[in-house]
Amino acid sequence: MRILSIETSCDETAVSIIEAEGGIISPVYKILGNALYSQIDVHSEYGGVFPMLAKREHAKNLVPLLLKATELSGSTTNIPEITVEKKELVKTILSKEEGLFDALFSYIETHEVPDVDCIAVTEGPGLEPALWVGVSFAKALSILLDKPLVPVNHMEGHIVSVLMSDGVEGTEGITPQVSFPALALLISGGHTELVLSEDWHKYKIIGQTVDDAVGEAFDKVARLLHLSYPGGPKISKLAKESRELELKKQHSELDWQLPRPMLKSGDFNFSFSGLKTAVLYAVHNRLKEKEALSDVEQKMLAEEFENAVTEVLIEKTKKALDETQSESLIVGGGVIANTYIRNALQTLITTKFPHTKLLIPTIDLTTDNSVMIGIAGYLRYVSQDPRILQPSEVSALTAKGNLSL
Ligand code: KG4
Ligand code: ZN
């Protein structure tokens with residue numbers, strides 16, 4: 001079957017069409033069309049994501065992205081008859097999304113629509129104004145295409161993103177086998193969670209951050225160093241340079257000492273806000289004596305910060321693997337684009353848990369995307385999830401900023 005999926009939870013607007021078969025036991029996926037617009041440039045000058053700005057950008061970009069994903073999929077069909085009642089209902093649903101109703105209708109009046117069997121959309125968690133745009137758009141499409149709508153939890157999307165072997169268009173998915181119980185480490189700009197899963201759709205959060213998410217800490221430390229949003233990749237690049245140049249060894253007098261928060265707290269929780277504050281104080285202390293940090297100091301700070309974050313993530317994951325006897329370790333979320341953290345997890349598995357299978361998504365599916373929402377939507381659809389909505393029922397669906405797994 002073919003699934004049209006929509007993601008607007010934060011600052012990526014994404015629409016894709018995937019084909020899936022094999023059911024929940026051995027699903028096989030193929031990306032037919034994937035269109036993504038990253039709003040990074042829009043938000044970077046503000047140092048973070050502005051919810052109302054994200055909302056407006058989503059509304060502007062959804063129809064062009066739907067058009068692109070549909071063209072790439074190469075498979076279209078005629079739209080069912082649009083009655084006056086249907087049109088009025090869609091108008092009401094889209095009434096708060098600036099320009100979206102007009103853009104959608106000028107699209108469907110001049111084009112065929114994608115040939116799909118259901119629609120999947122991120123209902124939460126995320127920035128609520130941003131989520132609403134995708135949810136409203138998906139509701140409108142469900143009515144117009146007369147197809148069922150599957151609400152998807154964004155975090156489940158990050159978990160199942162490991163099921164796609166390659167994110168390149170037209171590539172056959174060879175589904176890696178997930179053995180349960182599986183432990184999922186979810187690390188993104190909004191979340192840091194350890195989730196124990198006994199089976200698909202059965203999740204228990206066993207640990208999470210008590211304050212900032214790990215990606216948020218990367219972004220805040222980057223801002224302190226006057227690096228633009230998103231800071232993760234930039235901090236990581238500096239840290240890499242510091243390691244390559246062996247700066248900690250060459251300039252030990254300039255080294256930084258940052259805490260490893262909650263390393264020995266005895267539970268699976270995390271805290272990154274104190275680490276960010278420690279960076280702030282350390283930088284302020286040095287700036288008492290001079291105008292600005294040198295390049296060397298900045299690189300060394302990035303390395304020490306990345307080391308601190310990685311040590312905590314590894315220690316907690318190790319403890320959770322020990323105690324849960326998990327057969328798979330799934331890692332998802334934007335922060336796993338970080339090579340240093342990826343390698344550290346790989347080493348942990350090879351040296352300490354050789355019988356545990358490590359599953360990490362391909363780089364293009366680590367940060368937010370709609371392919372993972374389509375994958376999650378398929379698994380919910382084939383398991384006849386009671387939350388699936390028929391077109392006549394979609395009005396009830398809302399965006400849920402704080403949705404939990
Ligand atoms: O999953 P994602 O795209 O969005 C959320 O759902 O939050 O994650 C984005 C986060 C940002 O905080 C970004 O700085 C971080 O992932 N990130 C990284 C790297 N690439 C992205 N953090 C550390 N190292 C990276 N290479
Ligand atoms: Zn995410």
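The values are calculated or read from the model by the stated rules, or taken from the named source; none is laboratory data. Note that this is a predicted model, so its numbers are computed, not measured. In this analysis, Cβ positions are derived from the backbone assuming ideal geometry, glycine residues included, and neighbour counts consider all displayed protein chains. Note: accessible area is taken over every heavy atom of the protein model, side chains too, but ligands, DNA and RNA are not part of it. Shrake-Rupley method; radii C 1.70, N 1.55, O 1.52, S 1.80 Å.
What to note about this one:
- Calculated P(r) tail over 21 Å for the stretch 151-270, as whole % of Cα pairs: 58
- Percent of alpha-carbon pairs separated by more than 24 Å within the stretch 83-211: 46
- Charge dipole (debye, nearest 20) of the stretch 264-325; +1 at Cβ of Lys and Arg, -1 at Cβ of Asp and Glu: 180
- For the stretch 63-110, alpha-carbon Rg and Dmax in angstrom: 11.9, 32
- Translational diffusion of the stretch 252-397, estimated by Stokes-Einstein from the Kirkwood radius over alpha carbon pairs at 37 °C in a medium of 0.692 mPa s, is 175 µm² per second.
- Considering only Cα atoms, the convex hull volume of the stretch 357-400 works out to 127 Å³ per residue.
- Ligands, DNA and RNA left out, the accessible area of the chain computed with a 1.4 Å probe is 51% carbon and sulfur.
- For the chain, size of Cβ-based charge dipole, Lys and Arg +1, Asp and Glu -1, in debye: 800
- The label point for Y107 and the one for L254, both projected 7 Å from the Cα toward the Cβ, are 5.0 nm apart.
- Cα-based helix-to-principal-axis angle, 84-93 vs the chain, degrees rounded to 10: 20
- Calculated on the Cα set of the stretch 227-294, radius of gyration then Dmax: 14.3, 41 Å.
- Cα→Cβ-extended label distance, 7 Å offset, between D117 and K87, nm: 3.2
- Signed unit charges on C-beta, dipole axis of the stretch 9-122, positive-most listed residue V90, L104, P80: V90
- Residue among A182, G48, S265 farthest towards the positive dipole end of the chain, charges placed on Cβ: S265
- Efficiency of FRET from Cβ geometry, D364 and S265, R₀ 35 Å, rounded to 0.05: 0.50
- Accessible surface computed residue by residue for the chain, with neighbouring protein chains in place and a 1.4 Å probe, gives 42 Å² per residue.
- Over all distinct Cα-Cα pairs of the stretch 192-251, the Kirkwood formula returns a hydrodynamic radius of 14.0 Å.
- The mean sequence distance of close C-alpha pairs (under 8 Å, at least 6 residues apart), as a share of the length of the stretch 1-149, puts its relative contact order at 32 percent.
- For the stretch 305-320, the residues whose backbone nitrogen is under 19 Å from a point 7 Å from the Cα of L280, taken along Cα to Cβ, are 305-306, 309.
- Kirkwood hydrodynamic radius over Cα pairs of the chain, then Stokes diffusion coefficient at 37 °C and 0.692 mPa s, in µm²/s: 149
- With respect to the chain, whose longest principal axis is taken over its alpha-carbon atoms, helix 371-382 is tilted by about 60°.
- The stretch 199-305 - charge dipole about Cα centre, Lys and Arg +1 at Cβ, Asp and Glu -1, debye rounded to 20: 160
- Residue with peak Gaussian network fluctuation, the chain [Cα springs, cutoff 10 Å], from D368, D255, D212: D255
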